[in-house]
1. What ³J(HN,Hα) values, in whole Hz, does the Karplus curve 6.51 cos²θ - 1.76 cosθ + 1.60 give for region 159-167 when θ = phi - 60°, with x put for Gly and Pro?
2. Taking a probe of 1.4 angstrom, what is the accessible area of Asp222 in Å², to the nearest 10?
3. Given the pairs Lys105/Lys207; Lys64/Lys207; Lys64/Lys268; Lys207/Lys268, which span a C-alpha to C-alpha distance of over 23 angstrom in this model?
4. Between Arg63 and Ser193, what's the calculated FRET efficiency when r is the beta-carbon distance and R0 is 41 Å? Round to 0.05.
5. Contour minus end-to-end for Ser250 and Ala92, with contour as 0.36 nm per residue of separation and end-to-end as the Cα-Cα distance?
6. With every protein chain kept in the model, how would you rank Phe206, Phe170 by accessible area, 1.4 Å probe, largest at the top?
7. Ignoring ligands, DNA and RNA, what percent of the accessible area of region 134-273 is carbon or sulfur (1.4 Å)?
8. Per residue, how much accessible surface does region 130-283 expose to a 1.4 Å probe? Answer in Å², no decimals.
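The values are calculated or read from the model by the stated rules, or taken from the named source; none is laboratory data. Being a predicted model, the structure only gives us computed values, none of them experimental. Here the Cβ positions follow ideal geometry from the backbone for every residue, glycine too, while neighbour counts run over all protein chains shown. Side chains are part of the model used for accessible areas, which takes the heavy atoms of the whole protein and leaves out ligands, DNA and RNA. Shrake-Rupley method; radii C 1.70, N 1.55, O 1.52, S 1.80 Å.
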Amino acid sequence: MERLEAAMAKARAARKATKDGEAPDHRPRQAPQPDSGRPIKDVRPEALWTALHEIPIGNALARKMRLSALMGSEFAAPYDILRTRVLRQMRAEGWKRLAVTSPNKACGKTTVSLNLALAMARQADLRVMLLDFDLRRPSLARLLGQQAGSHDLAALLAGTRDFSEHAVRFGPNLAIGLNRRPVPHSAETLLGSSTASTLDDIESRFKPDVIIFDTAPMMGNDDNLAFLGQVDCALLVAAADSTSARQVDSSERDLSGLTNVLGTVMNKCRYLDEHDGYGGEYY
Ligand SMILES: Nc1ncnc2c1ncn2[C@@H]1O[C@H](COP(=O)(O)OP(=O)(O)O)[C@@H](O)[C@H]1O
Ligand SMILES: [Mg+2]
């Protein structure tokens, strides 16, 4: 545990040094090479985003997977409110990287992450990224009906596959990094310098305004202890029907020792007061 904490402090210090304008600790990566071996000429962020493989999200899938942010009007309202609050806070602090976590599994991290990303991407002047960083139980690909294709996060994080080939795009301004299979040794992978340099590289070339990481739960594993030094802030998602107040408290406490906590989203609320101001089911 001490080794893990020391490594995490080192990762955080390296990231801070980079943000403060010092040279990053990581080796620079090569520009992406097409199959022919010739360097890609146009590496402007606009061109990199346009070149990403575009995927559709149909209405039936949106309904089945609870993608309320795509369904418009009163269904989208809770996510619009959450989006605006989160963006205001992140902008005020100059933060770009947001982790979404929860005390335990199945609280709705992936559902909330994707809806939040969709709500943010409706803002046309924002470039939004969403990365499946729950290495033990990846599930964004399933939510998006994208089970075909390699979507190998381990290869991306090891630096053997470029984000240009790895990511998919929904609309003009939402890039999504999927993962089809669990990554072994997840905490070690998240803590590794290759993960840090991959993220720095994606950020410097694609210039996203916000990167949302759908991460592991706080309890029962050390993945967030290993990774959260790489983000600026986090949201905690609790499930009204299964997370106890004690679990929320202890996860909030642990989370605040690792990064800046923006707040807790109460998901799966069956009963909302009409004074909540909207008829949806989220927080
Ligand atoms: N607000 C909600 N109401 C009812 N079910 C939900 C809600 N949000 C998510 N779910 C369902 O709960 C399950 C777990 O959600 P998921 O987003 O995969 O959680 P996690 O990523 O935390 O494991 C999924 O079947 C999902 O459809
Ligand atoms: Mg999930």
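1. With coefficients 6.51, -1.76 and 1.60, one gets x, 9, 9, 8, 4, 4, 8, 7, 7 Hz.
2. Only protein atoms counted, so the area is about 60 Å².
3. Details: Lys105/Lys207 31 Å; Lys64/Lys207 32 Å; Lys64/Lys268 15 Å; Lys207/Lys268 34 Å.
Lys105/Lys207; Lys64/Lys207; Lys207/Lys268, as the Cα separations exceed 23 Å there.
4. Values: r = 42 Å, r/R0 = 1.03.
Step by step, r from the Cβ atoms, then E = 0.45.
5. So the extension gain works out to 54.2 nm.
6. On the way: Phe206 0, Phe170 45 Å².
Descending accessible area places them as Phe170, Phe206.
7. On the way: 2660 of 5490 Å².
Answer for region 134-273: carbon and sulfur cover 48 percent of the accessible area.
8. Working: 6210 Å² over 154 residues.
Each residue of region 130-283 exposes 40 Å² on average to a 1.4 Å probe.
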